[in-house]
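Below is one structure, written out as structure tokens; comments come after it.
The values are calculated or read from the model by the stated rules, or taken from the named source; none is laboratory data. This structure is a prediction, so every number in the text was calculated from the model and none was measured. Don't worry about glycine lacking a Cβ; one is built from the backbone with ideal geometry, like all the others, and counts go over all protein chains shown. Quick note on the areas: whole protein, heavy atoms, side chains included, nothing else; ligands and nucleic acids left out. Shrake-Rupley method; radii C 1.70, N 1.55, O 1.52, S 1.80 Å.
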Amino acid sequence: QMLMLMDLFQSVIVLGDQPTIAIIAGGPGTGKSTLVNQIKKPLEEKGGRFVEGKFVNFHQPDVVLTAALDTFFGILFDKSRDNPKQMMLLRWRIHDAIGSGSDALLNIIPNLQKLMTMGDEHNPSSHSTRGYNTSKRRGDIGIRMKYLLVKLIGALSHRSHPLVLFLDDLQWADAMTLDVIRMIMTDPDIEHFLFIGCYRDSEVGLAHPLTSSLNDIQNQGTNVITIKLGQIEKECVNSLVSDALCLPPSLCVRLSTVVHRKTGGIVLFVLKFLKSLNEEGLLWFSMSSRRWEFDLNRIKVRGK
């Protein structure tokens, strides 16, 4: 799964191929978010940007995308003094992309307003949200606002600063967000962009809005790659343990068998279990033998 995701990263982010959707499906705790997090370091090394949001059941799904962008611009604003020239170029890109519609975006993404009016205290637009109840208006997004959000994503994404947008728990996404995703993925001007979405496959059937939305996007010519996560076999756990401990697979069979039994073969649980064994002194690096060693008997009787 990691190789699939990194291949997509290479083709879309680095080479600028057609925007692609990577959908990661699996049950709770199967390591979906952990897998996505592996892309952050190589993205940062390429000068890339990472915007992430998470849907919560029964909790305002229509503000997740704008809240994610607001958090992103808040971080960007805090770093703006480190590279003022880069921030100025970004401001121009955003201004050129959204034009006269900027006030509408500033109203629902306050940190974008801070970035766009930085050092311009006399700009009337810097006071455009005074008396404006953002919490009530964030969900009030029509066709024009969807268009502006798409253009904003396009302004953030380019060769020198590729962009990954990650939205978790898409099974709870609202129709507005799903439509914005469709518009982003079918916009011919957006390049060096990768959308990653995670969802619980046990909650998404053929009649689910997410399924219909992904089908529509695929029918419009966008690549939709699905990566399924779940239990892995004992042999895979053994390979994972072998790689983690830099030991031959033959020396890890007894340990990996116990690890598989206690974790159910869920990658995220396997990694957490190995970490906890190390923290508890049941798995350690021996300076005398210059290799990892473990107390198998104590691990067998240890809880999960």
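Structure above, values below:
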{"read-out": "Failed condition for residue 276, given (1) farther than 19 Å from residue 249 by Cβ; (2) in contact (Cβ under 8 Å) with a residue 40 or more places away in the chain", "value": "(2)"}
{"read-out": "Unique match (being under 24 Å from residue 189 (Cα atoms) and in contact with a strand residue (DSSP E or B) (Cβ under 6 Å, 6 or more places away or on another chain)) among 50, 73", "value": "50"}
{"read-out": "Matching residues, the range 227-259, being exposed (fewer than 14 other Cβ atoms within 10 Å of the Cβ) and under 30 Å from residue 194 (Cβ atoms)", "value": "228, 233, 243"}
{"read-out": "Failed item, numbered, when residue 154 is tested on (1) small (Gly, Ala, Ser); (2) open to solvent by 40 Å² or more (accessible area, probe 1.4 Å); (3) under 22 Å from residue 62 (Cα atoms)", "value": "(2)"}
